[in-house]
Amino acid sequence: MESPFLKFFRSKIETAIALLILLLFIGVVGFRVMSNYSWVDAIYMTVITVTTVGFGEVHPLDPQAKIFTVFLILTSVVIVGYAFKIITEYIISKNNLAELKQKKMQKKIDSLSNHVIICGFGRNGKQAAKKLLMHKRSFVVIESNKELIEKHQNDKILFVWGNANEDEVLQLAGIEHAECLISALPNDSDNVFVVLSARQMNSKMRIISRASNESSNSKLKLAGANNVILPDNIGGDHMASLVVVPDLLEFVDNLSIVGSSSINIEEIAVEKLYDTSTVKTIQDLQLRKNTGCSVIGYKSESGEYVINPEASQKLAPNSKVIVLGRPEQIQNLNSTYNINI
């Protein structure tokens, strides 16, 4: 969206152009009427007079035409000078505002920590950004296409213009303080390079990469990616599942994982749910009684998943529980335990 300052300058430019057109019109008509010039000669005389290039007259001018020419020269100097001044100010102001806007955005990026970096703002990158916005997660997008940045730039999305393959660009995105990086570039070789660079710059960060070919999976894992996603495989598997188990998949699709008011599934660190001195197992949490939510999964501190865990499942530090419930029950859970606040 254009700023009020640039709109103000743009209106002045439109005024200056209108004055120039009016000046040319008066000059052409004046020479045509006063000196009986042809239309071509009148246009020629008007142009050389307004631009003050110094060519000779088509025909000698009578006193009346000379006075008109003097008036045209003086008026053109004022109007052309005004137009030049306005256009120059507009260009300078636009560049200055763009620079100030970029500095303001970089300042916001520098203040982030535990954020997500998205490399590439294509179809997968846009979808990832959309989900993160719904879940109110802070993130930075690295994109090399400046026109794409200008098209989608707003207060909610922070952009870094540049190639994600370059270490300097990753540093501008705050990779040292990032929690996760999503490499969604269309070329697998670029994704491998980004993953390799990112892993060297932040060894603790989680890295998720897109891949077009299955052969790139092992290379990306070797480069340091924690997860590799093949969009084509996921799409084909999803369509086949609609044939094999359509009702089950429709039920799963209707479960909202992220969203402001329609979440059905939530992942919560156990440290946010209980006091270690009084709670030892899932049964001790009494989540069903307190919030209406049911525990459907448990992730241990080592990363192992337990589906539909027993009530006697012991809770360990740095582990997580996965709960299922209606949106209002999930909201009750979040408010009861001050989650996502």
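Values in this text are rule-based calculations from the coordinates and carry no lab data. Worth saying up front: this structure is predicted, and the values here are computed from it rather than measured. Positions of Cβ are generated from backbone atoms using ideal geometry, with glycine treated the same way; all protein chains shown enter the neighbour counts.
Worth pointing out:
- Kirkwood radius for segment 265-336, taken over all pairs of different Cα atoms as the inverse mean of 1/r, rounds to 12.0 Å.
- Exceedance of the 18 Å cut-off in Cα-Cα distance is limited, within the set Lys107/Lys151; Lys12/Lys103; Lys108/Lys136, to Lys107/Lys151; Lys12/Lys103.
- Counting other Cβ atoms within 10 Å as a rough exposure proxy, the listed residues Ile207, Ile17 run Ile17, Ile207 from fewest neighbours to most.
- Take 326-334, 176-184 and order them by the average number of nearby Cβ atoms within 10 Å per residue, most first; the result is 176-184, 326-334.
- Integer Hz, Karplus 6.51/-1.76/1.60 couplings in order for segment 174-190, x for Gly and Pro: x, 5, 5, 10, 7, 8, 8, 10, 10, 9, 10, 6, x, 9, 4, 5, 5
- Full-extension gain in nm, Val53 to Asn187, via 0.36 nm per residue minus C-alpha separation: 42.7 nm
- Within straight-line reach of Lys204, meaning a Cα separation under 18 Å, sit the following lysines at least 8 residues removed in sequence or on another chain: Lys221.
- Axis of helix 63-110 versus longest Cα principal axis of the chain: the two differ by about 10°, to the nearest ten degrees.
- Crossing angle, helix 327-336 versus the chain [Cα axis fit, 0-90 degrees, rounded to tens]: 80
- Taking the three principal axes of the alpha carbon atoms in segment 164-312, the coordinate ranges are 52, 46, 29 Å, sorted in descending order.
- Counting only the Cα atoms, the chain fills a convex hull of 224 Å³ per residue.
- Averaging over all projection directions, the Cα-based convex hull of segment 113-235 occupies 7.0 nm² in the image plane.
- If a spin label sat at a point 7 angstrom from the Cα of Gln286 along the line to its beta carbon, the backbone N atoms of segment 297-341 nearer than 17 Å would be those of 311-312, 333, 336-337.
- Extension gain, Asn145 to His238, is 30.3 nm, computed as 0.36 nm per intervening residue step minus the present C-alpha separation.
- Spin-label pair Phe84-Ser212: with each label point 7 Å from Cα along the Cα-Cβ axis, the two points sit 5.1 nm from one another.
- Taking each DSSP H run with n ≥ 4 as -39500 (n - 2.57) and averaging over every residue of the chain yields -17000 deg cm²/dmol at 222 nm.
- Theoretical gain in end-to-end length, Gln171 to Glu14 [0.36 nm per residue, Cα-Cα removed]: 52.3 nm
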